[in-house]
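The values are calculated or read from the model by the stated rules, or taken from the named source; none is laboratory data. Remember, predicted model here, so these are calculated numbers, not experimental data. Here Cβ is always computed from backbone atoms with ideal geometry, including for glycine, and neighbour counts include all displayed protein chains.
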Amino acid sequence: MSSDSPGSSSSPGFPESSGSPEAAGPAGSPGPFEAAGPSGFELGTDGPTAILAGFDDTVTAGRALAYAAGLARRQRARLIAVYVVPVASVIASAPAGASILAAEAEAQDEIAGELRTRVERARSELGIAAEFVLARGDAYSEIKRVAAETRADAIVVGASAKAGHRFVGSLAVRLVRAGKWPVTVVP
C-alpha cells in the first residue's frame with residue numbers, strides 16, 4: 001500500500017511543485033522541472049560545442065550546411081564544414097584516364113573553392129567560428145576521421161537523393177549505424 005494520500009499527483013522521486021518561487025528550491029533556485037527565469041530561458045547549455053557538416057554541391061547538402069550553421073550560431077558552437085572529393089579509380093585504368101582525371105580534378109577544385117566561399121560567407125554573416133576541411137577518399141571514412149580528429153559532438157548531412165541508397169545504405173544511415181555521434185539528416 002502506498003504512503004501517498006488519496007488524490008495526490010506526485011510521482012515517486014519527484015518533488016511536488018506549485019510553480020511558486022517558494023517551491024522552487026533553496027534560495028529561490030529553480031526546481032528540476034521549472035524555468036530558470038520569468039522568460040523561461042535557461043542560461044548555459046549542454047549542447048554541442050563542435051558541429052560537423054558533411055556537404056557537397058547538392059541541394060540537400062546545401063540545406064544541411066545552412067541548418068548546421070544556424071545550429072552552430074544558436075549553440076555558440078564551432079562549425080566544421082567537410083567536403084570529401086571522391087577518388088575515381090576505375091577511370092584511371094582507361095586509356096584516356098589521365099586526361100579525364102585531370103579534368104575531373106579541375107572541376108572538383110572549382111567546386112571546393114565555391115564551397116569554401118560559402119563557409120567563409122556563413123562565418124562572416126552569422127558571426128560563427130567555422131572552418132572548411134577538404135578531404136579526399138570515401139565520404140563515410142573521411143567524415144568519421146575528421147569528426148574524431150576535431151572531437152565533433154554532432155554531425156549534420158543532407159539526405160541522399162540517389163535511388164540505389166535505399167538498398168545499399170546512404171552516408172547518413174552508415175553514420176547513424178556507427179553510433180558515435182548524434183546525426184541529423186536534412187531533407
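Miscellaneous remarks
- The number of residues in the range 106-136 being at positive phi and touching a helix residue (DSSP H, G or I) at 6+ places or on another chain (Cβ under 6 Å) comes to 0.
- Some residue of the range 23-43 being in contact with a strand residue (DSSP E or B) (Cβ under 6 Å, 6 or more places away or on another chain) and either surrounded by fewer than 16 Cβ atoms within 10 Å (Cβ to Cβ) or at pLDDT below 90 (or both): no
- Condition check for A102: over 26 Å from A77 (Cβ atoms) and modelled with pLDDT under 90: yes
- Filtered residues of the range 149-163 (kept if surrounded by 12 or more Cβ atoms within 10 Å (Cβ to Cβ) and modelled with pLDDT of 90 or more): T150, A152, D153, A154, I155, V156, V157, G158
- Positions within the range 65-77 being in contact (Cβ under 8 Å) with a residue 60 or more places away in the chain and farther than 12 Å from V119 by Cα, in sequence order: Y67, L71, A77
- Residues (crowded, with 19+ Cβ neighbours inside 10 Å and outside any helix (DSSP H, G or I)) located in the range 54-83: G54, F55, D56, A77, R78, L79, I80, A81, V82, Y83
- Flag for E114 being farther than 22 Å from A50 by Cβ and either modelled with pLDDT of 90 or more or surrounded by 14 or more Cβ atoms within 10 Å (Cβ to Cβ) (or both): yes
- Subset of the range 110-139 that is among the small types (G, A, S) and in contact (Cβ under 8 Å) with a residue 40 or more places away in the chain - its residue that is farthest from Y83 (Cα to Cα): G127
- Of all residue pairs spaced 6 or more apart or on separate chains, those with beta-carbon atoms under 8 Å, a first member in the range 140-162 that is within 10 Å of I80 (Cβ to Cβ) and a second member that is assigned to a loop (DSSP other than H, G, I, E, B) and of a type in the set (K, R) are A147/K180.
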